[in-house]
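Asks: Okay, handing you the structure first.
The values are calculated or read from the model by the stated rules, or taken from the named source; none is laboratory data. Here the structure is a predicted model, which means the values were calculated and not measured. As a convention, Cβ positions derive from the backbone with ideal geometry for all residues, glycine included, and neighbour counts pool all protein chains shown.
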Amino acid sequence: MTEELTRRQHYVPQFYLRNFLDNSQTLYGYSRVKKTYFPCHTEDICRKDWLYEICLQNTTPHDKKFMLPNCIEKSFADKEGMFDSLFRRIVGICDDSANRNALIFSTKEKIILHKFVLNLLFRNPWSLNQTGDNRLIQYIMQDDRLKPIEELLNELSLKDRYEPLVRMANQQVWLDDSLPGGIQEKLIAQLNSMHFCILDAQSPVFPRLKRSRCRSSQEVNDSPTPFSALNYC
């Protein structure tokens, strides 16, 4: 049985967006063009069709011919359950007034939070455009270490698979936090080596460097992008 492909691929997970639903389970977006708010659903915003799919050469997304289809989307779905559980736990602790001085997460959970922030940082359309820039891909394709792979594909009459394969491999390096030697693995290791303040339910802020000035939880919650969220990690 052929696995159904996910067309609507979110760069902000729906589980996270659901935290902003009102009592009627409605989410409100803001149009910077019309300068007005509008009701919407989590499945309809912060997403793009076929965002993480790499098309085979001489095809378009409409053809649905991708290199390793649904690979990235499925890896994100597997991780989002872990992220969701952590957020539910933090919100549950902070919502209970009896937990004013309770620690809101452990060292292990701190690592999960790092992974979530980095996941948001790299999976959005702007970051994908930067890391998948054509000049970068052409540079990688010319690497002598990849010549055996290119020659093998030529022998198998699969020459047109070389560039999509390089694009997919490059995307994995940036997006897969479990890939040995990947970008995220290195960044997570750096974040874990930093010094952190004590976090409790009375002051639920993101971790910060000891040399940074004290920031309030409201300042953190108002952080508009994953880029600014990294300032607290």
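Asks: Here is a list: 43, 73. Which entry is outside any loop (DSSP other than H, G, I, E, B) and in contact with a Lys or Arg (Cβ under 9 Å, 6 or more places away or on another chain)?
Replies: 43
Asks: A follow-up question, please. Is there a residue in segment 110-122 that is modelled with pLDDT of 80 or more, polar (S, T, N, Q), under 20 Å from residue 172 (Cβ atoms) and surrounded by 12 or more Cβ atoms within 10 Å (Cβ to Cβ)?
Replies: Within segment 110-122 (the criterion being modelled with pLDDT of 80 or more, polar (S, T, N, Q), under 20 Å from residue 172 (Cβ atoms) and surrounded by 12 or more Cβ atoms within 10 Å (Cβ to Cβ)), the answer is yes, since at least one residue qualifies.
Asks: For segment 92-144: of the residues being in contact (Cβ under 8 Å) with a residue 40 or more places away in the chain and of a type in the set (Val, Ile, Thr), which is farthest from residue 163 (Cα to Cα)?
Replies: 93
Asks: Residues of segment 139-186 being polar (S, T, N, Q), at pLDDT below 90 and not in a helix (DSSP H, G or I), which ones?
Replies: Scanning segment 139-186 gives a single hit, 178.
Asks: Related question: Looking at 217, 127, 212, 193 in this structure, which one is under 26 Å from residue 8 (Cα atoms) and either within 26 Å of the chain's Cα centre (by Cα) or modelled with pLDDT under 85 (or both)?
Replies: The unique qualifying residue is 127.
Asks: Does any residue of segment 77-90 turn out to be of a type in the set (A, V, I, L, M, F, W, C) and over 25 Å from residue 185 (Cα atoms)?
Replies: Restricting attention to segment 77-90, the residues satisfying the condition of being of a type in the set (A, V, I, L, M, F, W, C) are 77, 82-83, 86-87, 90.
Subsequent filtering for residues that are over 25 Å from residue 185 (Cα atoms) retains none.
No, segment 77-90 contains no residue that is of a type in the set (A, V, I, L, M, F, W, C) and over 25 Å from residue 185 (Cα atoms).
Asks: Looking only at segment 104-138, count how many residues are of a type in the set (Gly, Ala, Ser) and in a helix (DSSP H, G or I).
Replies: Count: 1.
Asks: Can you name the condition, by its number, that residue 89 falls short on among (1) surrounded by 13 or more Cβ atoms within 10 Å (Cβ to Cβ); (2) at pLDDT 90 or above; (3) of a type in the set (D, E, K, R)?
Replies: Looking at each condition in turn, residue 89 falls short on (2).
Asks: Among the residues in segment 47-62, are any within 21 Å of the chain's Cα centre (by Cα) and either among the small types (Gly, Ala, Ser) or in a helix (DSSP H, G or I) (or both)?
Replies: Within segment 47-62 (the criterion being within 21 Å of the chain's Cα centre (by Cα) and either among the small types (Gly, Ala, Ser) or in a helix (DSSP H, G or I) (or both)), the answer is no, since none of the residues qualifies.
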